[in-house]
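The values are calculated or read from the model by the stated rules, or taken from the named source; none is laboratory data. These figures come from a predicted structure and were not determined experimentally. Glycine also receives a Cβ, built like all others from the backbone with ideal geometry; neighbour counts cover every protein chain displayed.
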Amino acid sequence: MTGKKAKLSDVAKAAGVSSATVDRVLNKRGGVNPHKEKQVLEWARKLQLDRNLERRPSRILRLGVIMQAPANPFYRSLQQAFMRCNSLYGGLNIQVQQHYFEVTAVKQTAALMHRVAERSDALIVIVPDHPLSNQALQEVASRMPVITMVSDLPLASRLAYIGIDNRAAGRTAGELMGRYVGSQPCNIVVVSGMHSFIGQGEREMGFRAVLAERYPHCHLLAVVETREQPEKAGQLVRQLLRQHQRLAGIYNLSTGDQSIADALQAYAQQQETVFITHELTEERRALLRDGVIDIVLDQNPELEAMTAVKYLAQHFGRIEAEAITTLTPVSVHTRENS
């Protein structure tokens, strides 16, 4: 198109639609399939059609977020981040609507995904791995884009996974644990929220692998599951301390750090046990400064939420295409940098 001004017909031909469809998209009259709208906007930008393509689109792009209720600080951070996305992307007429489920209510979660999909253009999900949820996501993904966050579901035909490399995070925790506990034979415990969250399972596998490869004197005594109940984490650690008197290290994959700290204090082990966990909340920051927690691996939930919404905004042609990194970084925090 060098030296020649692009016309509606040029955009229509390139996008594989009619000139009337191009006119409806560019003049924001609505009623156009989201995929066709994306194609029109992409080609209008590429061909440098002389229009203001950054004006507020007429059609609302509805993004449904499905995650567990924000009962712990990590999910509260995600909730607040998605709320901020509504302000950040409001000019693009994007609405992010959050929906919550109980982690043990698998059938209800699958039904929720179908209900939310009926009134959304795309889904962002953080759900456990289960045949019912996988089937529901597979069905939804056949109709619209689905992004998995924090914990991946690679068999669900998702558009993208956004979050940390959980296996690498677990390996980092294993390396730090092996170095911190010393060279004598010792017992290590892993506290899991739910085994069905693939991300937590990947952390555990990475952690196990490093201990086996480099620190065989670290005996993995137990992997206990809290079902995402914070108080249960402390109960399980107390039970292990009653049986074994001392635990050289605890690696917590999910929630319940304060109850674990209380258990360690009850057995006067808070300065003896190496305690590694995830997500730098205010509660964990305080435990770091008190020397109860030794390491926090943080994945920046705000960045993950912003990246997910940006990825979909780009997918639907609301912003110009650019390379987006879907694997977010892990930050290592001690009390010296918290």
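In the stretch 172-192, the condition of being of a type in the set (Asp, Glu) and crowded, with 21+ Cβ neighbours inside 10 Å is met by no residue.
Here the stretch 79-111 is the region considered, the condition is being surrounded by 15 or more Cβ atoms within 10 Å (Cβ to Cβ), part of a strand (DSSP E or B) and within 17 Å of the chain's Cα centre (by Cα), and the residue that is modelled with the lowest pLDDT is Phe101.
Before we move on, is Leu123 buried (at least 23 other Cβ atoms within 10 Å of the Cβ), within 23 Å of Ile324 (Cβ to Cβ), of a type outside the set (Lys, Arg) and modelled with pLDDT under 95? Spelling it out, it is not the case that Leu123 is buried (at least 23 other Cβ atoms within 10 Å of the Cβ), within 23 Å of Ile324 (Cβ to Cβ), of a type outside the set (Lys, Arg) and modelled with pLDDT under 95. Just a yes or no: is a residue in the stretch 137-146 in contact (Cβ under 8 Å) with a residue 24 or more places away in the chain, within 26 Å of Gly249 (Cβ to Cβ) and surrounded by 19 or more Cβ atoms within 10 Å (Cβ to Cβ)? The answer is no; no qualifying residue exists.
Residues in the stretch 152-181 that are part of a loop (DSSP other than H, G, I, E, B) and touching a residue at least 60 places away in the same chain (Cβ under 8 Å): Leu159, Ile164, Asp165, Val181.
Within the stretch 254-272, residues that are under 16 Å from Ile188 (Cβ atoms) sit with their Cβ atoms under 7 Å from residues that are small (Gly, Ala, Ser) and not in a loop (DSSP other than H, G, I, E, B), at 6+ positions apart or across chains, in these pairs: Ile260/Ala233; Ile260/Gly234; Ala263/Gly234. Scanning the stretch 84-136 for residues that are of a type in the set (Val, Ile, Thr), more than 15 Å from Leu63 (Cβ to Cβ) and in contact (Cβ under 8 Å) with a residue 60 or more places away in the chain gives Val103, Thr104, Val127. Scanning the stretch 316-326 for residues that are at pLDDT 95 or above, under 22 Å from the mean Cα position of the chain (by Cα) and among the hydroxyl-bearing types (Ser, Thr, Tyr) turns up nothing.
Restricting to the stretch 217-256, count the residues that are touching a helix residue (DSSP H, G or I) at 6+ places or on another chain (Cβ under 8 Å) and over 18 Å from Ser196 (Cα atoms). The number of residues fulfilling the criteria is 12.
Of the residues Leu288, Leu220, Leu297, only one is under 26 Å from Gln80 (Cβ atoms), in contact with a Lys or Arg (Cβ under 8 Å, 6 or more places away or on another chain), at pLDDT 95 or above and of a type outside the set (D, E, K, R); which? Testing whether each residue is under 26 Å from Gln80 (Cβ atoms), in contact with a Lys or Arg (Cβ under 8 Å, 6 or more places away or on another chain), at pLDDT 95 or above and of a type outside the set (D, E, K, R) leaves just Leu288. If you go through the stretch 196-216 and keep only what is within 20 Å of the chain's Cα centre (by Cα) and part of a loop (DSSP other than H, G, I, E, B), you end up with Ser196, Phe197. What about Asp152, is it under 13 Å from the mean Cα position of the chain (by Cα) and among the charged types (D, E, K, R)? Taking the combined requirement at face value, the residue satisfies it. Going by what's in this entry, would Ala14 be described as in contact with a helix residue (DSSP H, G or I) (Cβ under 7 Å, 6 or more places away or on another chain) and modelled with pLDDT of 85 or more? Judged against the criteria, Ala14 is not a match. Looking at Thr328, is it in the same structural domain as Ser183 (by TED's automatic domain parsing) and in contact with a Gly (Cβ under 7 Å, 6 or more places away or on another chain)? Spelling it out, it is not the case that Thr328 is in the same structural domain as Ser183 (by TED's automatic domain parsing) and in contact with a Gly (Cβ under 7 Å, 6 or more places away or on another chain).
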